[in-house]
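Participant: Quick one: structure below, then a few questions.
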Amino acid sequence: MEESDKIPYLSLNMLGEYSEATKARKRSIIRNQKKPKKFIFARYASAKSAIKSFFAQDEFEPLCVKAKINELAKKVCSTDFQVNDRNCQIQALESFLTTNLDSSLQKFTFERFRSKQKSIFIHGLTIGISPDLVIRGEINGQKIVGAIKLHFSKSGVFKGSAGRVAATGLYRFMNDIVATESEVVIPSLCIVLDVFEQKTYQAPENIDFYMKKFINACDEIMDIWDDVA
């Protein structure tokens, strides 16, 4: 596929970063998306799986995460790349274990996201959402739903309102794609979890303001997409 034929696409977390990035960084994000590396390795797969298992339990029990750390520590690596990947995953899990999670989340159930539809389409831009976990439960008899999206990056730190913008995109996806007619999407349960920064970002109650920022970022990307080489 020629570069000009590439469909405008950005992941949710990258869109969040884009919303608060400098002009130069914004162009870099688009350039990297249009000209991705030929070899793409699924980073943090083991760490992501362990964190999902943590939330899927009836109680937030860290044993599964600690077990994965021990397993990774014993892994024999034959290349520098494998050593770095192993060490980064261990660091991610150790960081997660010291993240201050809201204890009230334990009253909800967590399911691994399994839907075939993993993106939304806004004004010509496809945004890859792919929540890691779906949150379900009841509040005062009302069925509610939310989600968690994990963010693994040592360099792509969310600045300003970037995390909330990403969480707002997650809310949009849950509202448009996942929630049933009997379910209400709760903004505070649409959470982007920055593993290395040990921070959680929730979609805000003033969702309209941040939805406008989310859509404006999409529009801006479409405006400059063809100009970025």
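Participant: Condition first: over 14 Å from Lys52 (Cβ atoms) and either β-branched (Val, Ile, Thr) or at pLDDT below 95 (or both). Now tell me which residues in the stretch 118-140 satisfy that. Step through it out loud before you land on a result.
Facilitator: Keep residues of the stretch 118-140 that are over 14 Å from Lys52 (Cβ atoms), which gives 118-129, 136-140.
The answer is Ile120, Ile122, Thr126, Ile127, Ile129, Ile139, Asn140.
Participant: Here's a follow-up. Determine whether the stretch 62-84 contains at least one residue that is surrounded by 11 or more Cβ atoms within 10 Å (Cβ to Cβ), in contact (Cβ under 8 Å) with a residue 60 or more places away in the chain and assigned to a helix (DSSP H, G or I).
Facilitator: no
Participant: I'd like the full set of residues that are charged (D, E, K, R) and in a loop (DSSP other than H, G, I, E, B), limited to the stretch 10-61.
Facilitator: Residues satisfying the conditions are Glu20, Lys35, Lys37, Lys38, Arg43, Asp58, Glu59, Glu61.
Conditions tested, residue by residue: (1) modelled with pLDDT of 95 or more; (2) open to solvent by less than 40 Å² (accessible area, probe 1.4 Å).
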| site | (1), (2) |
| --- | --- |
| Asp176 | yes, no |
| Ser182 | yes, no |
| Val185 | yes, yes |
| Thr200 | yes, no |
| Asn206 | no, no |
| Ile221 | yes, yes |
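The values are calculated or read from the model by the stated rules, or taken from the named source; none is laboratory data. A quick note: this is a predicted structure, and the numbers were derived from the prediction, not measured. Note that we place each Cβ from the backbone using ideal geometry, even for glycine, and neighbour counts take in every protein chain shown. Accessible surface is based on the protein model in full, side chains and every heavy atom, while ligands, DNA and RNA are left aside. Shrake-Rupley method; radii C 1.70, N 1.55, O 1.52, S 1.80 Å.
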